[in-house]
Structure formats: C-alpha cells, structure tokens
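K.L.:
First, the structure itself, so that you have it in front of you.
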Amino acid sequence: MKKIDLTQDLNPQQAEAVLHQKGPLLIIAGAGSGKTRVITHRVAHLILELGVPSYNILAVTFTNKAAGEMKQRVEKILQQANFDLGLPLVATFHSFCVRILRADIDKLAIERSFTIYDDKDSLSLIKKIVKKMGLEEDINIKQVASYIDKAKNNLWTSADLRANSSYHLADKITQIYAEYQRELKAADGLDFGDLISRTVELFQKFPDVLDKYQERFKYIMVDEYQDTNEAQYVLTNLLAQKYRNLVVVGDDDQAIYSWRGANIQNILSFEDDFPEAKVVKLEQNYRSTQNILDAAWQVICKNSGRKEKKLWTEQGRGDLISLVECFSEVDEGERIIGQIEDLILERRARYRDFALLYRTNAQSRVLEEAFLRHGIPYQIIGGVKFYARKEVKDIIAYLRLLLNENDVVSLLRVINVPPRKIGEKTIETVQNFANTQGLSFWQALLRTEEIDSLGPQTKVAISRFVEVVLSLRKEASKLAVSSLVRQVIERSGYKKMLMAEATEENKDRMGNLEELLSVAKKYDQMDRPDGLLLFLEEVALVSDLDNMEEGKNGVILMTLHNAKGLEFPYVFVTGMEEELFPHFNSLDDAAALEEERRLCYVGMTRAKKKLFLTLARSRLIYGTTKNNEPSRFLLDISPDLLQGAFVGSLDAVSNYSTDDEYSQEPEYMDINAGDLVSHPTFGRGKVVSVQGGVATVSFDNDKYGVKRLALSVAPLEKEKDF
DNA sequence: TATATAGTGTTTTTT
DNA sequence: ACACTATATA
C-alpha cells in the first residue's frame, strides 16, 4: 500500500471532517463547498489510515447519479493507494433497502422476488380499489395516492392516517389505504414508500436482522440529509444506534423535497438527537463567483430558521448577473439562444457548458422548439420518462408477470394489450369468480373453463393469453435477458401490432423497445432468472437524470429540482415570474414559499461563471395568455449585482421601454414569414418566422446573420421591391 | 361486448 | 404525450 495525504489541498474545516473518527458528525455543507470530496476522502481515511474494513462502511445518497459518482471517486483514491480489498457499499436509500429486503422480506410473508411498483402502478391499483369500493364519484384518485404516500413517508398505519386527517372523506381514504396495503401484499408488490417502511418494519420486528446490519455497517454516512423523510430518518437511526458512527451531510438551504415527505427538522435537530455530535460548517465555495454567491444569499437570507451561513470564494467577483427580460415565452427561448451563441463566439464555450433550468416541465416545450429551430444540440432531462412510456411499461409488465404471477397490476395492464377481445366485462366476471373461489386473478384465469357465464370465444381468447405467458415463463429460466425480452415483444403480439401500421409513432415505439433491449443486454451474462430480476430492478429505480449523456455536447434542459448537486459554467434560471416561480400553488403558504426560495437558491448556485435570470412579460399557460409580475426573488437581488435590469430592450434594439409600454397591448406590424424587410443597422433581410410578437430575420449581410426582433419596437420596414 | 376513433384535459417539483 | 370519455360500429 502506498501512503497518500488525504488532507492535502483541503481547508481546515474540510480537513476536520475528513479526519473525524468515531461518533456522530453533522456537516453543514453549503452549495459548492466540496462536500463530495470531503465524504470520499473521509471514507478513504477510515479505510487507509484507521484500518476500517470497507465492508463495514455504508454511504447513502438519494440519486443513483450521486451514488455512482461517489463510488467512482472512492475507488480512484483507493487505487492510488494500491488498496484492493474491496469497496464500501454506496447506495441510494431505495436500492439499499431493496438489497436488504431481497434477503429477508420472506420473514414478513412477502416473496423475496417481490415486484417494485412505481407511482403509476400504485395509482392503477388505487383506482382498481376505489372502483371496487364504488367510490369513484366522491374520490380523487391522485389525492388518495398522495395521502397514502404521505402516510408511508411518516410510517403511519391506516389508523394513524385516520388520526392525522381532518378531511371529510378521511374514513374512506383510510379504508382505501388499508385495502391497498392488503392488495399490495397479496400481489407481492412493494411501492417506493414500502421499500423504506418495510425495511423499518423488518428491523423493528426482527432485532436479530437489525443486529446483523448494525454489525455490518459500523460506519454510516448519509448525504443530502435535509431531504430525508421520517421513514428514512428512523431507518438511519435504527442502523446507527448501536455504534453511533453516523455522519450526516446536508444543507438546510437546499431542502426542496418537503412535498415528498422530507422533513427539514431532521437536519435542524440532529444535535438534539445526538448531543455528543460534532458540527462542521463548510462555507468556502469552490464553484461560483462572489457575485453569484452574494445574489443567491440575498435571496435565501429572507428565510426563517436557517442555520446561518454565508458562502465566500477566493475566485473574485466575476461577471454581473444578467437579467433578461423578454416579451413572451417564445422570445425567452430566442434570447437565451442569442446569449448562448454570443458566448460561444466570444469565449469559446461549448454547448454542454450551458444549462437551462425551469420550475415546471411544461416550460421545456417552447424552449425545445427554439433549439430545434436553430439546429442547436440539446438534451432534455426528465419530463416523460423513458421507462414510463406506454410501450416500455407494457413489455415490462409482461416481464414482471413472468417472475411474479401474483402481480395483478401488471397482469391487468397487459391482459388485453395487444387487443385480444378480453374486455372490461370479462375481467369483471373472472374477478368475481376469483373472489368467490378464494383464488388470485391469475389462478382464476387458469380455471376459466369452470366459469359458465363466459362465452366460448372469450374462453379461447383467455386460454391463448395464458398459454403465451406460461410458455414465456418457461423461457425465463433458460434464456438470456435480452433474448427473453425479444421473445416477449414477439410472442405477445406486440411487434405485430406495431408493425401493422408503419406510422411515425409506431416506428418511434419500436425504437424505444429496441432501446429497452439494449439495456437488457447488460444482464445477459447473469444467472437466470436473477438477471431478469436485476434488470427489472434497474428499470424501477433508475431515473432520467441517471441517463444524462455525460459526453454529449448539447445544452442541458432540466427542472430546478433535477439540477441539485450539479454545476454548469453558464446557467439560465428561466421563467422568473410570479405564479410560475414562485409557483401559484405556493403563494398562500409561508412554508411552501420558503421552499420555493430555496429552490431559487439551488438554481442560482449551480452557476460557475455566469448566471442569467430570464423572465417573460407575457406567457401562454394552458391556452390563456398571462401577464405575470417579475418574480419576487428578482426584487431581492440588489441592482448593483445585476446587468440589463428591466430595460425591456431586445439585444438588437436599443430602445428603452418603461413598464407603461408593457401594460398596453403591443401593436404588431403586419409582417409575416417570408416577407422581405429592411433595418437601419442590419440592412436587408428575410423573415424566417413570426411568433409571439417576435420576428426571426435572416439578414443578407453575414456579419449580422439571424436576429430576433420585437415587432413592437424594432425599426423594421417592409421591403416592397425585390 | 369489444374496439376504433376523435375530442378533451392535463402539469409543480420525483427517488 | 398520455389518459380518459363519448360515440359509432362490428
């Protein structure tokens, strides 16, 4: 083994955290303060200097991306030291729990090959139950889903949920929750919340199992601790209570997941939970310029109950923050692209150095269209997720059914996909038969011959479907995963259905299934059918963020939530308007507004070199045009940090506009795509497109190229002769 | 009884 | 882009 200095280049606070040996430690890590570095170096320090076996160390994160990065960096340090005695376990909360449950969940009378239900699966199960209970009229399914989710995050039983609800349908919701849990268990299915809460249940009911893991994971680290919910908090504390070597890292200013049950109190009261805890604050920032940090601080300091901290950097003030005020959402896209192209010319930045962040996924559409118009490469993260697409989910449902015949959600999803004349009535009849005979739905399907009320054609249709599943199930233990997936696509009739009509849409869907096949290939070398189980696990737990192509040279578009933990040289926080950001649904709730503020802080602190804040004075939302005020967050930033503040001019036009001009309906010139125009500065040009009061004009003089001009202010004239 | 088709509404954020 | 609904047709 080679000796390496793990505290080299660390500041005193970082070094203190890295050298921490035993007992609880709270690391308050401001944005860009070298947090990952501290965690990885501390892991290496435990292993290399203190001789702790890797096997005894656990690091928990929230995203696969963070876990992967951490794993890689630890591996690199250990390699440098020529250490080759294994790596510590780095996992997300969810994958960690799956691991434990696969080993011991049979103790809770659930199959170890359980199926993981995503939120869509659980929604369809809730729907089925609501229907069964005849409550469709009075119950909002999504609302019930969120109540159930909340209950699980808080480790509530249905009785607890009842006690904690004042809603007038609380009794009904409580019943649905109880029934949902019963059905989930019968299906050997676990939803996301269950992954955590069942693990807690296992630990609480079987102290020997808990003890096994306490002995194994003597050193525990939890990243993004401010985002833990009650269930994750209890889980962490159970695991850590024996040896108390718990290091939690987080930043209360970056808590943005309360809507998913995260409880900011977990980090704020760590010192009460562990009075012997040491606390380290990391306030030196290595990412951004001082201007960016100051502006971000001016936004976040308005929140109450923060752990006071103020980030600083040695990197100097840097550029001012650009405030880009646009006429419309279309204009916003165009102006952002103008800025990107300017910077690429001036500073030789690449497309991948830019990120566009937005509050809601819906905003991505218009921005995407702008990138398409200009032929600029881009990557959208999130939105409609790959694994959530219909055709992908359908094939996955077949695969799940092969491993778990009790999985009713998957069964009901595919029983008539492609259409095989097994409709609603038939399903109802079979379900009734199953209920009276005390059978599962699948078992009932196997005995349809005994159901007198079904017609002969229907019985044939069912037995054909059953045959397909049974024969594929036999293959599952023989074939490599990708071959099996191919078999499913073909023998289910899915391929035939898509090939029947060669529309663009169907070609796309086939393409998506090919992509699914290529993911499946990764599991071909594994034992069967374990490979299939692991493939389905990846599909259930992976997020779109994990599929971000690191090497691709394209501008990145994502929600502010997705951007946490990432950094980019140039960041645009878009849609800085009241009712959009802060979002409409947060306006009457002080706590929600504080979270919006934190979200803004997270977005701003992603920027390394330059930050752009953009807003549209008019925006089309669900078919109606809204003229929202500039976001209150913009008003919190002092003007001397800003450039281009509220001048309301487009880059090609030097006219100043007052707020008054905006309140009037702008008078657009009669200019359309294809028209020839002239401009006093840029000369002659041709109009490429007109949208949202903005004309895109391609000027004859190559020096000016393509410009975007607001029709209400640009001194454009229509050319009459050619 | 099952299916095809057209029309409508949805969306705040997601492991 | 998807889910859901209403309606016509086999």
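What follows is calculated from the coordinates using simple rules that are stated; it is not laboratory data. Bear in mind the structure is a predicted one, so any value in this text is a computation, not a measurement. When we count neighbours, we look across all protein chains shown, and the Cβ atoms used for this are built from the backbone with ideal geometry, even at glycine.
K.L.:
Starting with the fewest neighbours, write out A:Val209, A:Val247 ranked by other beta-carbon atoms found within 10 Å of each beta-carbon.
P.N.:
A:Val209, A:Val247
K.L.:
What FRET efficiency, computed as 1/(1 + (r/R0)^6) with R0 = 45 Å and r the Cβ-Cβ distance, is obtained for A:Lys107 and A:Ala591, rounded to the nearest 0.05?
P.N.:
With R0 = 45 Å, the Cβ-Cβ based efficiency is 0.70.
K.L.:
So if R0 is 41 Å, what FRET efficiency would A:Tyr243 and A:Asn547 give, r being the distance between their Cβ atoms, rounded to the nearest 0.05?
P.N.:
0.65
K.L.:
Sorting check: for A:537-544, A:1-8, A:514-521, which peptide has the highest mean count of neighbouring beta carbons within 10 Å, and how do the rest follow?
P.N.:
Ranked by mean Cβ neighbours within 10 Å, highest first: A:537-544, A:514-521, A:1-8.
K.L.:
Let me ask another. Starting from the stretch A:120-207, pick out the GluC sites (Glu not before Pro) whose DSSP state is loop and whose Cβ has at most 16 other Cβ atoms within 10 Å.
P.N.:
Passing both the DSSP loop test and the Cβ count: A:Glu136, A:Glu137.
K.L.:
Now for a separate question. Would you list which lysines come within 22 Å of A:Lys128, measuring only between C-alpha atoms, while excluding same-chain residues fewer than 8 positions from it?
P.N.:
Of all the lysines, those that pass the test against A:Lys128 - Cα under 22 Å, at least 8 places apart if same chain - are A:Lys120, A:Lys142, A:Lys150, A:Lys152, A:Lys172, A:Lys185, A:Lys390, A:Lys393, A:Lys421, A:Lys425.
K.L.:
Roughly how many nanometres apart are two label points built 7 Å out from the Cα toward the Cβ at A:Tyr55 and A:Glu341?
P.N.:
Once both label points are built, they end up 6.1 nm from each other.
K.L.:
Per residue and in cubic angstrom, what volume does the convex hull of the Cα atoms of chain A have?
P.N.:
That works out to 195 Å³ per residue.
K.L.:
Please report A:Phe83, A:Phe386 as a ranked list, fewest other C-beta atoms within 10 angstrom at the top and most at the bottom.
P.N.:
A:Phe386, A:Phe83
K.L.:
Something else: Obtain the nm distance between the two label points defined at A:Leu268 and A:Glu490 by a simple spin-label model: each point lies 7 Å from its Cα along the Cα-to-C-beta direction.
P.N.:
6.0 nm
K.L.:
Order of A:His168, A:His41 from fewest to most other C-beta atoms within 10 Å?
P.N.:
Final ranking by Cβ density, sparse to dense: A:His168, A:His41.
K.L.:
Counting other Cβ atoms within 10 Å, which GluC sites (Glu not before Pro) in the stretch A:416-470 have at most 12 and lie in a DSSP loop?
P.N.:
none
K.L.:
If you take the beta carbon distance between A:Arg350 and A:Tyr286 as r and set R0 to 25 Å, what does 1/(1 + (r/R0)^6) give as a FRET efficiency, to the nearest 0.05?
P.N.:
Efficiency, from the Cβ-Cβ distance: 0.70.
K.L.:
Follow-up. Taking a 24 Å limit on the Cα-Cα distance, which of the listed pairs A:Lys3/A:Lys309; A:Lys22/A:Lys71; A:Lys307/A:Lys385; A:Lys564/A:Lys608; A:Lys2/A:Lys608 fall beyond it?
P.N.:
A:Lys3/A:Lys309; A:Lys307/A:Lys385; A:Lys2/A:Lys608
K.L.:
Note the full-extension length gain between A:Asp524 and A:Lys2 as 0.36 nm times their separation in residues minus their Cα-Cα distance, in nm to one decimal.
P.N.:
184.2 nm
K.L.:
Here's a follow-up. Can you tell me the order of A:324-333, A:399-408, A:559-568 when each peptide is scored by its average per-residue count of other Cβ atoms within 10 angstrom, highest first?
P.N.:
Result, highest mean first: A:324-333, A:399-408, A:559-568.
K.L.:
Quick check on chain A: of the DSSP beta bridges with both residues there, what percent are antiparallel, nearest 5%?
P.N.:
Looking only at bridges with both residues in chain A, the antiparallel portion is about 30 percent.
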